[in-house]
Amino acid sequence: MAETEQINMSVKIGRLKLKNPVMTASGTFGYGEEYADYVDLNKLGAVVVKGLSLKPRAGNPPPRVMETPGGMLNAVGLQNVGVEAFISEKLPFLRKYDTKVIVNIYGENYDEYKKVTRKLSAAKGVHAVEVNISCPNVKKGGLSFGADPKTAATVTRKVKEVTDLPVIVKLTPNVTDIAAIAVAVEKAGADAISLINTITGMSVDIFTGRPHLKNITGGLSGPAIKPVALRMVWQVLQNVSIPVIGIGGIMNAEDALEFLIIGAKAVQIGTANFINPQATMEVIGGIKRYMEMTGIKNISKIIGTFKA
Amino acid sequence: MKNVYIGEILKNEEIAQDCFLMRVALHVSFPDPAAGQFVMVRVSGIAEPLLARPFSVYSFERQNNSCALDILYRVLGRGTQVMAGLLNGTQVEILGPLGQGFEIKQNKKNIILVGGGMGVAPLTYLALHLNNYMCSSFSTMYFYLGAQNDEALIGVDELKKLSCTAITCTDDGSRGEKGLVTQILLKDLKKFSPEETMIYACGPKPMLKALAKILRKTKYSCQVSLEEKMACGVGACLGCAVPVKSRNSKPAYKRVCADGPVFDINEIVWK
């Protein structure tokens, strides 16, 4: 028992201190309450909530999800309750827990990003914002901000201007040069970078000749994208010095450890929550067992130990 | 804390062409499903299918130290193809029971169940529940069950064990009355007073849409159980959206998994 107590899994994302490096990925864990019956939220490094916009959004017409080999496509279309309802109806629940609350935000223009950020900064119980500049499902905004270093930097700067909260910028993989975007947002003042969001894909029903998703295209997530995610996180890490959070197809502790070894300070668990509601707890438990097995007492001795 | 249950397949039989009955043994702590609730089923330790699949509860029996859950499914895609090949003794992960089941109103004397194809599953479980616990509150129960043809008409034998009047029909007339189940119901509908009748329905979307059209200008109460592709089953992924009526006529969606799968028929936008 004494052995176990010495294990230190806490990590720092800039000023943000987490009890362990495992967070939930935005859009896969609702507002926390959806999984509170299955997961002790106190044990998570952080809860990253469903992306919020200034006004509530209804989302896309169904079908919105489709399983594909090793993953799934989704075109939910950023359905959310809006920032005000989040603060009054969802945040009080999360405040009861001893975990960090990271709020993913989305705007259709710079002004919306600023307004959402201002409202969240004034609310009690928000520990950081994660700026979605990458959601591929909405025609306006989304893709254009994250696909160009200039607009990505401008969004980052606008958000930074109006908040003292740590700002994490979440990158899209649907770009030619991910490192250039990462460098641009770092220069613009981002406190951390998270990646990757989903990879745009599609799927066709051969019997009807129609797309499986009403939106035609959707974001691919799940184990199929992990090697791509790992490669992109690695490319970004070679070009920036701010903390990087690895996301993409992490199903278990082994997957999470790959991201930590290449240098990610933390990871987010996404699609795995859908497959196993307790996936986050199993990742945390698995990392701990790995540390016990290898005699590593502090997780910082794992992070960035990659030998290329 | 709720858990994912590990169940063991006791039976996985093809009871008709491409149609399977799976019985899963579960730990005694598995909660009693309400009629209309569903479970997410996933085969342990395999990569494909990746996501669990939702199935409504067809039957649930509790013995002294275990319980048995029955689901009825038709082989339609990769998930059900893999399920159909599973042998007795295989472990499956069961999440549930999930969702909001049928609401049972005490003041309805007549119960009408309208099922199409696999829609028979939650309605049979509901009928059993009404027979066992609610028989004093209603006087008549009619079960309208339709399918394309005799072969696709599943679960008729189970209906015979219930105290209800079963009316079967097929599109081609190969069994029971000839015609769509909604048309057969329409012929009989005036026998039931709207105030004293509750209709429960489950089946393919065109059937439910036709039913909604029949009932639109009437005072009949009707609850429908819906199906949609879903990833999580607990309300987080927002994949299983169903369009619902909104005050300002802007698009609005509810989640089949967490807000349903049972809805008032008038709440849904039937496109």
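The values are calculated or read from the model by the stated rules, or taken from the named source; none is laboratory data. Just so you know, these numbers come straight off a predicted model, no measurement behind them. Glycine also receives a Cβ, built like all others from the backbone with ideal geometry; neighbour counts cover every protein chain displayed. These area figures cover heavy atoms from the full protein model, side chains too; ligands, DNA and RNA do not enter into them. Shrake-Rupley method; radii C 1.70, N 1.55, O 1.52, S 1.80 Å.
Under 5 Å from the amide H of B:Ala166 lie the amide H atoms of B:Phe143, each residue being 5 or more positions distant or on a separate chain, with H modelled from the backbone and absent for Pro and chain starts. Sorting A:Trp234, B:Trp270 on solvent-accessible area from highest to lowest, probe radius 1.4 Å, gives A:Trp234, B:Trp270. Summary of the geometry: the stretch A:170-208 and the stretch B:1-71, compared by the centres of their Cα atoms, lie 38 Å apart.
Site pair B:Glu177 and B:Lys219 shows an inter-label distance of 2.4 nm when each label is modelled 7 Å from Cα along Cα→Cβ.
Our coupling estimate for the stretch B:155-165, obtained by passing each phi through the Karplus curve with A = 6.51, B = -1.76, C = 1.60 and θ = phi - 60°, is x, 5, 4, 5, 4, 5, 7, 8, 8, 8, 8 Hz, Gly and Pro reported as x. Where q = 0.11, 0.16, 0.24, 0.25 Å⁻¹, what log10 of I(q)/I(0) comes from the Debye formula for the stretch B:4-98, counting one point per Cα? Scattering profile of the stretch B:4-98, log10 relative to I(0): -0.27, -0.58, -1.37, -1.49. For the pair A:Lys96 and A:Lys12, a Förster radius of 22 Å applied to the C-beta separation gives a FRET efficiency near 0.35, rounded to the nearest 0.05.
How large a share of the accessible area of the stretch B:110-226, in percent, is made up of carbon and sulfur atoms when the probe is 1.4 Å and the other protein chains stay in place?
Carbon with sulfur: 51 percent of the solvent-accessible area.
Suppose R0 equals 35 Å. What FRET efficiency, 1/(1 + (r/R0)^6) with r the Cβ-Cβ distance, do B:Met134 and A:Glu161 give to the nearest 0.05? For B:Met134 and A:Glu161, the calculated efficiency is 0.05.
Less than 5 angstrom separates the built amide H of B:Val43 from those of B:Glu93, all sequence-distant by 5 or more or on a different chain. Spin-label model, A:Val228 to B:Asn64: label points 7 Å out along the Cα-to-beta-carbon direction sit 5.6 nm apart.
Could you give the dipole magnitude of the stretch B:4-98 about its Cα centre, charging the beta-carbon of Lys and Arg +1 and that of Asp and Glu -1, in debye to the nearest 20?
120
Could you pull out every one of the aspartates and glutamates with an alpha carbon less than 14 Å from that of A:Lys100, ignoring same-chain neighbours closer than 8 positions? In chain and number order, the partners are A:Asp40, A:Glu130. Summed over both chains, the accessible area lost when A and B associate is about 2500 Å², using a 1.4 Å probe. Using θ = phi - 60° in the Karplus curve 6.51 cos²θ - 1.76 cosθ + 1.60, the 3J(HN,Hα) couplings for the stretch A:228-245 round to 5, 4, 4, 4, 6, 4, 5, 4, 5, 4, 6, 10, 10, 10, 6, x, 10, 10 Hz; x is entered for Gly and Pro. In the stretch A:66-86, whose amide N lies under 13 Å from the spot 7 Å out along Cα-to-Cβ of A:Ser121? List them in ranges. Within reach of a label on A:Ser121: no residues. Each Lys or Arg adds one and each Asp or Glu takes one away; over the other residues whose Cβ falls under 13 Å from the Cβ of B:Met134, this sums to +2.
A quarter of the convex hull surface defined by the alpha-carbon atoms of chain B gives 14.9 nm² as the mean projection. Taking chain A as a Gaussian network of alpha-carbon nodes connected by springs under 10 Å, the highest mean-square fluctuation of the residues A:Gln238, A:Gln79, A:Gln268 belongs to A:Gln238.
With a threshold of 30 Å on the Cα-Cα distance, the over-threshold entries among A:Lys90/A:Lys150; A:Lys187/A:Lys226; B:Lys160/B:Lys191; A:Lys50/B:Lys105; A:Lys55/A:Lys170 are A:Lys90/A:Lys150; A:Lys50/B:Lys105. In this simple spin-label model, placing a label point 7 Å from the Cα along the Cα-to-Cβ direction at both B:Gln81 and B:Glu267 gives a separation of 3.6 nm. Let a ≥ b ≥ c be the square roots of the eigenvalues of the Cα gyration tensor of chain A; is it rounded (a/c under 1.5), or, if not, prolate (a/b larger than b/c) or oblate? It comes out rounded by the Cα gyration axes. Among the DSSP beta bridges whose two residues both lie in the protein assembly as shown, what percent are antiparallel, rounded to the nearest 5? Here the share of antiparallel DSSP bridges comes out near 50 percent.
Listed by chain and number, the lysines whose alpha-carbon sits under 18 Å from that of B:Lys187, ignoring those within fewer than 8 places in the same chain, are B:Lys178, B:Lys209, B:Lys213, B:Lys217, B:Lys219.
Can you bin the protein assembly as shown into rounded, prolate or oblate? Criterion: square roots of the alpha carbon gyration tensor eigenvalues sorted a ≥ b ≥ c, rounded for a/c under 1.5, prolate for a/b above b/c, oblate for the rest. Numbers along the way, then the final one.
Values: a/c = 2.21, a/b = 1.76, b/c = 1.25.
Prolate, since a/c reaches 1.5 and a/b exceeds b/c.
Using a probe of 1.4 Å, the accessible surface attributed to A:Phe306 totals some 90 Å² when neighbouring protein chains are kept in position.
Taking 22 Å as the straight-line reach from the Cα of A:Lys301, the lysines in range (excluding those fewer than 8 positions away in the same chain) are A:Lys12, A:Lys17, A:Lys19, A:Lys43, A:Lys265, A:Lys288. Between B:Ala121, B:Ala236, B:Ala52, the GNM of chain B built on Cα springs shorter than 10 angstrom shows B:Ala236 fluctuating the most. For the stretch A:1-92, the solvent-accessible area with a 1.4 angstrom probe is 35 square angstrom per residue. Comparing mean-square fluctuations of A:Glu84, A:Glu130, A:Glu161 from a GNM of chain A with C-alpha springs under 10 Å, the top value falls on A:Glu161. Less than 5 angstrom separates the built amide H of A:Ile269 from those of A:Met23, A:Thr24, A:Ala25, all sequence-distant by 5 or more or on a different chain.
Using heavy atoms of the protein chains and a probe of 1.4 Å, the accessible area assigned to B:Cys202 is about 20 Å². Rounded to whole numbers, the Karplus 3J(HN,Hα) couplings from phi for the stretch A:278-283 are 9, 4, 4, 5, 6, 5 Hz, using 6.51 cos²θ - 1.76 cosθ + 1.60 with θ = phi - 60°, and x at Gly and Pro.
Please state the shape class of the stretch B:127-271: rounded when a/c is under 1.5, otherwise prolate if a/b exceeds b/c and oblate if not, all from the C-alpha gyration tensor. Cα axes put the stretch B:127-271 in the prolate bin. In the context of the full protein assembly, A:Lys115 retains an accessible surface of approximately 90 Å², using a probe radius of 1.4 Å and ignoring ligands and nucleic acids.
Using C-alpha pairs under 8 Å with a sequence gap of at least 6, the mean separation divided by the residue count of chain A gives a relative contact order of 20 percent.
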